[in-house]
1. If you build a Gaussian network model of chain A, linking Cα atoms that sit under 10 Å apart, which residue out of A:Leu70, A:Leu172, A:Leu79 swings the most?
2. Which net charge results when you count Lys and Arg as +1 and Asp and Glu as -1 among the other residues whose beta-carbon is under 13 Å from that of A:Pro163?
3. Where does the charge balance sit around A:Arg147 when Lys and Arg score +1, Asp and Glu -1, over other residues with C-beta under 11 Å from its C-beta?
4. Label A:Leu35 and A:Thr90 with points 7 Å out from Cα along Cα→Cβ: what is the distance between them in nm?
5. Give me the inter-chain shielding for B:106-114: mean count of other chain Cβ atoms within 10 Å, whole number please.
6. State, in square angstrom and to the nearest 100, the accessible area buried between chains B and A, both chains counted, probe radius 1.4 Å.
7. Could you report chain B's accessible area per residue, 1.4 Å probe, as an integer in Å²?
8. Would you mind putting B:80-86, A:108-114 in packing order, based on average other-beta-carbon counts within 10 Å, highest first?
There are 2 protein chains.
Amino acid sequence: MGISGVGASGTGIGALDKVDRETMGARVYRDLRNLIMAGQVSPGDRLTIRTLAAALGTSMMPVRDAITRLAAEQALEVLPNRTVRVPIMTRARFEEVRTIRLMLEGHAVETAAAIVTDEALARIGALHEEFTAEHNTGDPDPAALIRINKDFHFRIYEAAAMPALLQIIEGLWLQIGPVLNFDLRSKSKRLSERVALHHHGDLLDALGRRDGPAARAALAGDIVSAGDFILRCGSLV
Amino acid sequence: MGISGVGASGTGIGALDKVDRETMGARVYRDLRNLIMAGQVSPGDRLTIRTLAAALGTSMMPVRDAITRLAAEQALEVLPNRTVRVPIMTRARFEEVRTIRLMLEGHAVETAAAIVTDEALARIGALHEEFTAEHNTGDPDPAALIRINKDFHFRIYEAAAMPALLQIIEGLWLQIGPVLNFDLRSKSKRLSERVALHHHGDLLDALGRRDGPAARAALAGDIVSAGDFILRCGSLV
DNA sequence: AGCCGCGATATGTTATCACAGTTCCAGCCC
DNA sequence: GGGCTGGAACTGTGATAACATATCGCGGCT
């Protein structure tokens, strides 16, 4: 690797590293993942490699990689025809995932409560305020709310310092991502957000008191109430 | 779909379906997965696509698919150099995975205890007897013991009827597969097997009594004792 | 003798192409 | 007119080749 090829802005040698150190496959993966997480694809939608490749301006290979990876993470589903689609969430599967989330994310917040630093706590509090502010505007942006909510939760989970657990939780969120946003985007969401705000506040307080059980209880309330809302929507088969 | 292309043995039309309905990528994936699960590759081993492709008699593409999938499941690890290797298990990571296993597999056996059928119980009991018999031979085959042990556990987990949970547990076993067998193959394993036998018996009894908490306790004993054995081996960095 | 630079080798990445199975629609026969 | 058949278009799979980068070793310079 030479110094030749000045590729970054700014002066100084230390400022020109990390030029496009990302493969196209990784970029496609990230794009598709964000698409799924944000619920901008609906359960049941079929994806074709060539179409995606054309839309993203690449060849089939990076798209193949990304789809293979997402399918391995259960974020996409391959039918016996070899075609891939966004998985359709059944009621049973949704409830099963919720049960697992209560265990795993419950353990994460309880662990986080024991060892969270004040700095992390401050960042989490800032996200909570951001979430509250966005909610108090006249017309909250659903995409922003979902992003802030995700950051709020995962900052707490990261504070548990359990990387393997964090990975599994991310996989679960990826699985429920489509249905989550699919409903939150359409239905009247005022009520569910109010209670989410309430649970988030309780969770933040419990973390501040380093009260693990209380934190777990608050998170459970958040997960259960949000899940009940989805279940009441009746859009699950 | 035409009738042309007689490809299966046996007479009658209905007997010729499902000829080679498996892609090469799936076969390579399964082979590599078994290799990892059986611990026939050691943590830190580097894998190259071309070498594997040559060894398996295919091109790079199916190998690429399989590796991408295994990397997504954390069964393989991609270094910043883009080279892939069998992940190196640290002590902290091993203990974290064990903690997660205690939660998830504990919940699985507790659920299974509530709804397990007599038929499933009989199959599980048969596996336990097979495990005992293999252990009582003068020279037990490590590979057979590991296979039977895995079947025993997963038959129980399947009885819980939680497919998403089962998938996650399989991922965890895939992660600890290498170190598990790596040690069990070399060190004196007589003691650990004895206690495994004991815990399996307790677990089976508890399932027969439909006693969920007892089943969870027996499984916890199995996981903790096996984990302690690995940790005492001192081969974890 | 030690260190730097350069090139050879190895390896992952991407593109392009050929092939097989599937889907879908038009046209034809009954 | 309806159902069946035929083919055309579509789509995933596998192979091969071109390319970029990383790794390692050799040779020359200091």
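The values are calculated or read from the model by the stated rules, or taken from the named source; none is laboratory data. Predicted model only: the values in this text are computed from it and were never measured. In this analysis, Cβ positions are derived from the backbone assuming ideal geometry, glycine residues included, and neighbour counts consider all displayed protein chains. SASA here: full protein model, heavy atoms, side chains in, ligands and nucleic acids out. Shrake-Rupley method; radii C 1.70, N 1.55, O 1.52, S 1.80 Å.
1. Maximum fluctuation in the GNM of chain A, among the listed residues, is at A:Leu79.
2. In short, -4.
3. Result for the local shell: -3.
4. Modelled inter-label distance: 2.7 nm.
5. Average per residue, whole number: 1.
6. 2400
7. About 50 Å² of surface per residue is accessible.
8. Answer by packing, highest mean first, reads A:108-114, B:80-86.
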